[in-house]
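Please read the structure below before turning to the comments.
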Amino acid sequence: MAAGAQNNQGEIFIKNVTKIYDPEGVHVVAMKDCSFDIAAGEFAVIVGPSGCGKTTLLNAIAGFDTITSGEIYLDGELISSRDRQIKPDVERMVVFQNGALFPWKTVMENVIYGPVVQKRMKRSEAVDAARDMLHQVGLNGIEDKYPEELSSGVQRRVEILRALINKPKVVMLDEPFRGLDAVAKTVMHEFLMDIFCESPRTMFFITHDLDEAIFLGSKVIIMTTRPAQVKKIVQVDLPWPREHHLLGSQIYLDLKREVLEAVHEEAKKAFEAGEREMA
């Protein structure tokens, strides 16, 4: 299946979502009437100023947090509203920014942990599936290593495979490559691109890196400063699979300029709002 093709699973519909923290006290409005949709099998990248509500929205979709009003649907099923919150499950997997591998478990034990513990696979089936996945992405031979023996980039790849072995409808990644150097990031982009092209599924990817956003995304959703709403959606019409020489093309530079202008405007607003809050 070509990248960007529909797999008919993983469609996200976000309708008028508002999130207020401590509504009876501090009353921080993180999101207000936020609405957009992500098609099944689409690679959606979310960018915006720090603290604008990107992770708040991810947590609501994943089932880690509630919303104050509005609705979130996954494939037509209501998964979050004021009165309903579906708990986290294997259909919505999250790769965290700071890593979440079990340090006392080997790579193989980390990757197979979910499906074995939840009894969705026999251990032998999970081991075979994990070994195939590791081989496909050039990580064979590290099955018996522990996380501390791996580079940060390899740890991130293992975490992504640990999410994918569950065959989720949606994979959510919250700045997963933050802190990696430029070379490691390039390797991770190619890795994730290969994974996505091989088996497209809905991706919800948060980043502050605009090059990363445009290189990976089929569309870039630019959020306003808090309270978060959609400022602009930029469709990224670049061929799949993508190669890094695209970063010097005119169409890429035009896309980056469009995204940068929108993000810069909101970052300036966020800075000015921060100054007012501290005054």
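Read the figures in this text as sums done on the coordinates, not as results from a lab. This is a predicted model, so every value here is computed, not measured. Here the Cβ positions follow ideal geometry from the backbone for every residue, glycine too, while neighbour counts run over all protein chains shown.
At-a-glance table
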{"read-out": "About the Cα centre, charge dipole magnitude for region 98-167 (Lys/Arg +1, Asp/Glu -1 at Cβ), debye", "value": "320 debye"}
{"read-out": "Added length on full extension, which subtracts the Cα-Cα distance from 0.36 nm per residue, Thr68 to Gln250", "value": "61.2 nm"}
{"read-out": "Antiparallel bridges, percent of DSSP beta bridges restricted to the chain (to nearest 5)", "value": "55 percent"}
{"read-out": "Debye intensity ratio in log₁₀ form over the Cα atoms of region 98-167, taken at each q of 0.18, 0.19, 0.28 Å⁻¹", "value": "-0.58, -0.65, -1.43"}
{"read-out": "Rounded FRET efficiency, nearest 0.05, which uses the C-beta distance separating Val28 from Glu272 and R0 of 25 Å", "value": "0.90"}
{"read-out": "Within straight-line cross-link reach of Lys269, aspartates and glutamates at Cα separation under 15 Å, skipping those fewer than 8 residues along the same chain", "value": "Glu261, Glu277"}
{"read-out": "Share of pairwise Cα separations in region 47-140, more than 17 Å, in percent", "value": "64 percent"}
{"read-out": "For region 182-270, the fraction of alpha-carbon pairs in successive 10 Å shells from zero, as %", "value": "15, 49, 30, 7"}
{"read-out": "Stretch gain in nm, segment Asn140-Gln97, where the contour uses 0.36 nm per residue and the Cα spacing is subtracted", "value": "13.1 nm"}
{"read-out": "Hits among lysines - C-alpha to C-alpha of Lys19 under 19 Å, sequence gap 8 or more where chains match", "value": "Lys32, Lys54, Lys87, Lys231"}
{"read-out": "Relative contact order (%) - the chain, alpha-carbon pairs under 8 angstrom, separation at least six", "value": "26 percent"}
{"read-out": "Above-threshold pairs, the threshold being 26 Å between Cα atoms, out of Lys167/Lys256; Lys15/Lys185; Lys15/Lys219; Lys122/Lys185", "value": "Lys167/Lys256; Lys15/Lys185; Lys122/Lys185"}
{"read-out": "Vicinal HN-Hα couplings computed from phi for region 138-143 (Karplus, 6.51 cos²θ - 1.76 cosθ + 1.60; Hz; Gly/Pro x)", "value": "x, 10, 5, x, 10, 3"}
{"read-out": "Charge dipole magnitude, Cβ of K and R +1, D and E -1 - the chain, Cα centre, debye nearest 20", "value": "460 debye"}
